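Just below is one structure, and these are the notes that go with it.
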Amino acid sequence: MDVMWGAESGAVRWVQGWGSWLEPFMQAVTALGSKALFVALLPLLFWSVHAGLGARLSLVLLGSATVNSVAKALLYAPRPYWYDPGIRPLSTESTFGAPSGHAQLSVTFWGYLAAQSARRAVWAGAAVLIALVCLSRLYLGVHFFSDITLGLALGALLLWAALRYEDALLRRWRALSLPVRLLLAVAASAVPVGLVAAYQAVLRAGWSVPEEWAGAVPPDVTGEALAHTGALGGALLGAVAGFTVLDRRGWYSASGSLITRAARYVTGITGVLLILAVARLALPDTAGAAGEYAVYLLVSLWAALGAPELFVRLRMADRPDGDRAGAQA
């Protein structure tokens with residue numbers, strides 16, 4: 001791997017050599033593939049635009065992010081600026097490098113939306129946006145070409161699987177009893193965290209930063225990898241369980257006036273911020289993966305179930321008729 005990373009370091013330095021005038025543009029572009037943007041957009045879509053589409057895309061993206069986090073935690077690949085001190089760290093990251101999360105999640109998110117649109121212009125726009133996000137990660141010095149290639153491949157595979165099998169999986173999921181569905185959700189969220197924890201404890205016990213990594217590696221990169229997977233595991237459980245119970249209760253509609261839609265988003269995001277604030281005050285800094293799991297379980301449960309139920313009770317939303325998590329807004 002050192003030979004490959006060494007060769008790719010030169011390519012990253014070449015991209016960075018295009019000029020510092022590109023940095024503001026690249027910083028803006030990279031945000032279009034960031035988790036922070038998706039965290040803001042998914043509730044907006046689910047609460048205020050189209051509940052069915054928002055729920056499906058949330059699960060697809062959370063699944064993709066979880067796969068990415070596990071892959072990063074298993075591969076232990078460096079960031080370019082960790083490996084080569086000649087590469088400028090125009091952005092810094094606390095987790096391992098491969099596969100690129102920005103590349104993978106951009107394909108999953110923007111590709112899914114383009115597929116729902118089924119318009120060539122939208123597909124073309126999504127492709128351009130994904131390409132720019134990938135280029136920005138090279139320019140900022142946080143990914144090798146191989147990281148991005150692997151991220152694109154995983155994102156495309158998961159996107160294909162979601163589009164191919166989501167309807168069949170939803171039908172089978174609804175055919176199960178509620179207790180079975182909730183138990184399966186718990187298992188699905190616990191497996192990634194357990195896998196990473198076992199891998200670190202058994203196969204990577206005593207690991208230390210290689211001498212060849214001359215850059216500024218975060219002091220607890222393995223702990224960050226486990227905590228990140230824990231956060232996604234909790235978010236995945238909260239989303240699956242929340243959507244399942246909401247569906248059982250009759251779902252809800254994201255339709256309404258512009259003012260009503262905006263009020264729902266403000267109310268929902270306020271709840272998210274309150275949960276995060278209280279959790280950060282209540283949990284010690286040493287809570288680790290378990291603490292991250294609990295925090296994002298609560299946030300995701302609020303977003304998927306608590307907020308919609310509150311909207312219905314406050315008459316900010318109604319229960320729809322028909323296919324609740326499918327075509328209904």
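From the list G256, G250, the one residue that fits, being in a loop (DSSP other than H, G, I, E, B), more than 20 Å from the chain's Cα centre (by Cα) and either surrounded by fewer than 17 Cβ atoms within 10 Å (Cβ to Cβ) or at pLDDT 95 or above (or both), is G250.
When L157 is tested against (1) buried (at least 18 other Cβ atoms within 10 Å of the Cβ); (2) under 18 Å from the mean Cα position of the chain (by Cα); (3) part of a helix (DSSP H, G or I), exactly one condition is not met: (1).
Within the set A168, A201, the sole residue that is more than 20 Å from the chain's Cα centre (by Cα), more than 22 Å from L237 (Cα to Cα), assigned to a helix (DSSP H, G or I) and at pLDDT below 95 turns out to be A201. Candidates W47, W5, W14: the one that is closer than 20 Å to F145 by Cβ and in contact (Cβ under 8 Å) with a residue 24 or more places away in the chain is W5. You will find that of A114, A118, the residue that is surrounded by fewer than 24 Cβ atoms within 10 Å (Cβ to Cβ), of a type in the set (A, V, I, L, M) and without any contact (Cβ under 8 Å) to a residue 12 or more places away in the chain is A118 and no other.
Can you go through E224, E212 and tell me which one is acidic (D, E), modelled with pLDDT under 95 and under 21 Å from A65 (Cβ atoms)?
Details: E212 fails: under 21 Å from A65 (Cβ atoms).
Matching residue, one of E224, E212: E224.
I'm checking my understanding of the structure. Among residues of region 32-58 that are in a helix (DSSP H, G or I) and among the hydroxyl-bearing types (S, T, Y), which one is nearest to the chain's Cα centre (by Cα)?
Step one: of region 32-58, the residues in a helix (DSSP H, G or I) are 32-33, 35-48, 51-58.
Going one step further and asking which of them are among the hydroxyl-bearing types (S, T, Y), we end up with 48, 58.
On the way: S48: 20, S58: 9 Å.
Filtering first and then ranking leaves S58.
Total residues in region 96-150 satisfying the condition of being more than 19 Å from Q27 (Cα to Cα) and among the polar types (S, T, N, Q): the figure is 5.
The values are calculated or read from the model by the stated rules, or taken from the named source; none is laboratory data. All values reported here derive from a predicted model rather than from experimental measurement. Virtual Cβ from ideal backbone geometry, glycine too; neighbours counted across all protein chains shown.
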